[in-house]
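Participant: What follows is a structure written as structure tokens; I'll ask about it next.
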Amino acid sequence: MKKAVLCEFGESHDDIFFAQFEFLKQSGYETFFIGNSIFRDRLKNYTNIDNQFFLEFGKGKISDFKQIRETWRIIKQNDINNIILNTIGGTAVRNFCLFSFGNRKVAGIIHNAGNLTSRSFTYNRIIKPKIKKIFALNNYIWENVKTDPKLNKSWIYPISYPDFKPNVNKPSDEFWIVVPGLVESDRRDYFHLLDSLIARRLPENIKLILLGKSQHSKGCGKEIRKIIDDNNLHKNVIMFDEFVDWDTFRSYISNADLLATLIHPEYANFDNYSTNKISGTYLLSFGHKVPLLSHEHFMTYDDIKTSSLFYNQRNLAETIDYLYQNRQYVEKVKLNMKANPNFDFQFNKNKYISLIES
């Protein structure tokens, strides 16, 4: 039997694990996962992973290097010839590339393609010479980043997810706009959203759900909570202090009327998220066929433009209210998404397998 391993040495991007293992299993592979022990509980119900190996990263440079050496020991011991790096980047991947690949096929996913054209010694002298097959998570990334023509590159949407037990009921008269992910101000413009709600009060049936842990070292949860308290926005805004469990997360996503990225021009990491990177919210939208509420800057981006209803920074609250009153426009976008061949599982599986086996 063919064998393939997915490696993730960091602490994130597990939202794209499941689909990749489905691609591999349905293509006749015995599947392996090697990665950070932080994922142990998150993967316990993944029936499409045949073998799991968890390593302890984050205990110092020497210890982390030993974990990579152990990764290679597992790969060699199990005679695995197809390796996929779930995240191309970071010290662990650099260390991984210091070992000989032999005749093994190695591919990976780039989450910030700007690194491929940077002056980084790590990328230019260590990673790029070794990893020649790279996926992005949207085609607009390759349109914006001009890379080495010898690079074998593609793009995929890994948008298949494990089962969940619905535990949140949505009242039929409510309109949910969900903003997924850790509450971090360097990614999303929460404060413009709140300013819009203060300037134009919305009906209580409209719920803005900040679906991610807000109380953490990189978060802005305290500031957001204070604005909500000071302006009596409790009936419109729902947020979570702690980690949102999988069943709750999927329940909100599946019931959402719209998903919002809150990526705005001239704010935080806008330049990266409009050129080199994508928001994970796009994949959740494409996978669940839930339309996006997107800034009009993205009106020309393939797949985003046909999956979105658009606003600008002057009319955000007004647009939300209008869509609440005219839900037929949301339903029309849903139909477009269901008909989009780029969101088809088989289409993405074929692209994935073609690249890793090339």
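Participant: Restricted to segment 174-188, and to residues that are at pLDDT below 95 and among the charged types (D, E, K, R), which residue is nearest to Y322 (Cα to Cα)?
Facilitator: R188
Participant: Pairs needed: first member in segment 338-355, in contact (Cβ under 8 Å) with a residue 12 or more places away in the chain; second member anywhere, of a type in the set (V, I, T) and outside any helix (DSSP H, G or I); C-beta distance under 8 Å; at least 6 residues apart or different chains.
Facilitator: Pairs found: N340/T306; F343/I159; F345/I159; N348/I156; N348/I159; K351/I156; Y352/I156.
Participant: So, T306, is that one of a type in the set (V, I, T) and buried (at least 22 other Cβ atoms within 10 Å of the Cβ) or not?
Facilitator: So T306 fails the test.
Participant: Between residues in segment 51-65 that are free of Cβ contacts under 8 Å to residues at least 24 places away in the same chain and residues that are assigned to a loop (DSSP other than H, G, I, E, B) and surrounded by 13 or more Cβ atoms within 10 Å (Cβ to Cβ), which pairs lie under 6 Å by C-beta distance while being six or more apart or on different chains?
Facilitator: Cβ pairs passing all conditions: none.
Participant: Would you pick out the residues in segment 238-271 that are closer than 27 Å to K332 by Cβ and of a type in the set (A, V, I, L, M, F, W, C)?
Facilitator: I238, F249, I253, A256, L258, L259, A260, L262, I263
For every residue, the table says whether it meets (1) exposed (fewer than 14 other Cβ atoms within 10 Å of the Cβ); (2) assigned to a loop (DSSP other than H, G, I, E, B); (3) out of contact with any Lys or Arg (no Cβ under 8 Å at 6 or more places or on another chain).
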| position | (1), (2), (3) |
| --- | --- |
| R187 | no, yes, yes |
| S196 | no, no, yes |
| R201 | no, yes, yes |
| I209 | no, no, yes |
| S217 | yes, yes, yes |
| E223 | no, no, yes |
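Participant: Under 6 Å between Cβ atoms, at least 6 apart or on separate chains: pull out the pairs that start in segment 104-121 with a residue that is in contact (Cβ under 8 Å) with a residue 60 or more places away in the chain and buried (at least 16 other Cβ atoms within 10 Å of the Cβ) and end on any residue that is β-branched (V, I, T) and part of a helix (DSSP H, G or I).
Facilitator: Close Cβ pairs (under 6 Å, with a partner that is β-branched (V, I, T) and part of a helix (DSSP H, G or I)) amount to A107/I356; A113/I141.
Participant: Would you mind finding the one in N86, N45, N82 that is crowded, with 16+ Cβ neighbours inside 10 Å, under 26 Å from L137 (Cα atoms) and more than 19 Å from the chain's Cα centre (by Cα)?
Facilitator: None of the other options fit; the residue is N82.
The values are calculated or read from the model by the stated rules, or taken from the named source; none is laboratory data. As the structure is a prediction and not an experimental result, all values here were calculated from the model. Counting neighbours? That spans all protein chains shown, and the Cβs are built from the backbone with ideal geometry, glycine included.
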